[in-house]
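Some notes on the structure that comes next.
Any read-out appearing in this document is the output of simple, stated calculations on the displayed coordinates, not a laboratory observation. A quick note: this is a predicted structure, and the numbers were derived from the prediction, not measured. Here the Cβ positions follow ideal geometry from the backbone for every residue, glycine too, while neighbour counts run over all protein chains shown.
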């Protein structure tokens, strides 16, 4: 096998865990960026409906089942704030799908802390769109007691996936 063929094969393996799309200029509002994100999600067979997550809204159990606490109004407000911070810093913004049900994609807005953090996350100064290649089963939780129990049982594992 030639060196070029080996490199091409390795590139395919190295990026198998996420699909990304980078746009050079981020839109000036989250709602405009959401339109691009919805189009991207549809091409990856994710639902177009987006629910924005806040820190503490996601728990993953030992079977890699995702449990989500929906706080739509607060989540959208938090995402818009993070997005505007990203625009002000001018070092890139990433809209990333975390998980999805059959009808809704749960996502977050990532803003690097500084240039080094942006480099670490392979981000340019534009808008980066991302989603996992492999989807795990996802459920929403509305019962506050059930949410507390899930957090208590799976808290350490979920802190590693903090949005």
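In the stretch 24-56, how many residues are assigned to a loop (DSSP other than H, G, I, E, B) and either under 24 Å from residue 102 (Cβ atoms) or over 13 Å from the mean Cα position of the chain (by Cα) (or both)?
So in the stretch 24-56, the residues assigned to a loop (DSSP other than H, G, I, E, B) come out as 24-29, 44-49, 53-56.
Now narrow it down to the ones that are either under 24 Å from residue 102 (Cβ atoms) or over 13 Å from the mean Cα position of the chain (by Cα) (or both): 24-29, 44-49, 53-54, 56.
Final tally of qualifying residues: 15.
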Per the filter on the stretch 55-84, residues crowded, with 20+ Cβ neighbours inside 10 Å, within 23 Å of residue 136 (Cβ to Cβ) and without any contact (Cβ under 8 Å) to a residue 60 or more places away in the chain are 75, 79
Within the stretch 28-54, take every residue that is surrounded by 17 or more Cβ atoms within 10 Å (Cβ to Cβ) and touching a helix residue (DSSP H, G or I) at 6+ places or on another chain (Cβ under 8 Å) and give me the one that is nearest to residue 88 (Cα to Cα).
30
